[in-house]
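Read-outs throughout are calculated quantities, based only on the coordinates presented, and are distinct from any laboratory measurement. Just so it is clear, the model here is predicted, and its values are computed rather than measured. All Cβ positions, glycine included, derive from the backbone under ideal geometry; neighbour counts span all protein chains shown.
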Amino acid sequence: MLRATLWVVAYRKKLQTEFSVRANELAENFRNSLGKVRIGPSGYIPDMTAPEGPSTGGGIQSMQHLRLVAPEPGMPTLVVGHLDQRERTAQLRTFDHVDAICRERFKQGAPFDSAQYEALLDSMQGFLTTFGMTVVRAGTPRKVSLTEEDSIAPSKPSATVLAATAAAIVLVGFLATALVWFFKK
């Protein structure tokens, strides 16, 4: 019974890191192909975020953001979409959507023209569909309200993730105690 439990824990750990490895590989492929493109007079660089740690919680934290990174400090980074490898879906924001967010947040329009941006979206969509993603485009939001998704700051873990982490720590402690007790006999 103990061996089966240890195997399940090891299998789950392997599964959790699998999502992280895939996410990092996808982000690296994105940077290698679309990261060479420059958009607008400022030269914004397309980028895809990758998990910061060795795990995405088994895919629970599998959201990756697509963004345009400013080449110079002090200029804003713009989130232009997101994808979820677990769900195999991606959403790209149209020019009107990004422009509306820029007007709300920075009091000026998007720092690139719509034709350049649409060409970039077509390239992003082609890249993502090549990797098996279903891609949709998000039009202009009815009312622009900045959400956590618009921020590039790391998201805070949900209560479910924290509870699962606490339960895993308790389980590991219990297993360690059982192993010590078993081998002391």
Tell me, in nm to one decimal, what length is gained between residue 88 and residue 140 on full extension, where the rule is 0.36 nm per residue of separation less the Cα-Cα distance? 16.4 nm
Neighbour-count ranking [beta-carbon atoms within 10 angstrom, fewest first] of 20, 123: 123, 20
I'd like to compare 88-96, 76-84, 111-119: which one has the highest average count of other Cβ atoms within 10 Å, and what's the full order after that? 76-84, 88-96, 111-119
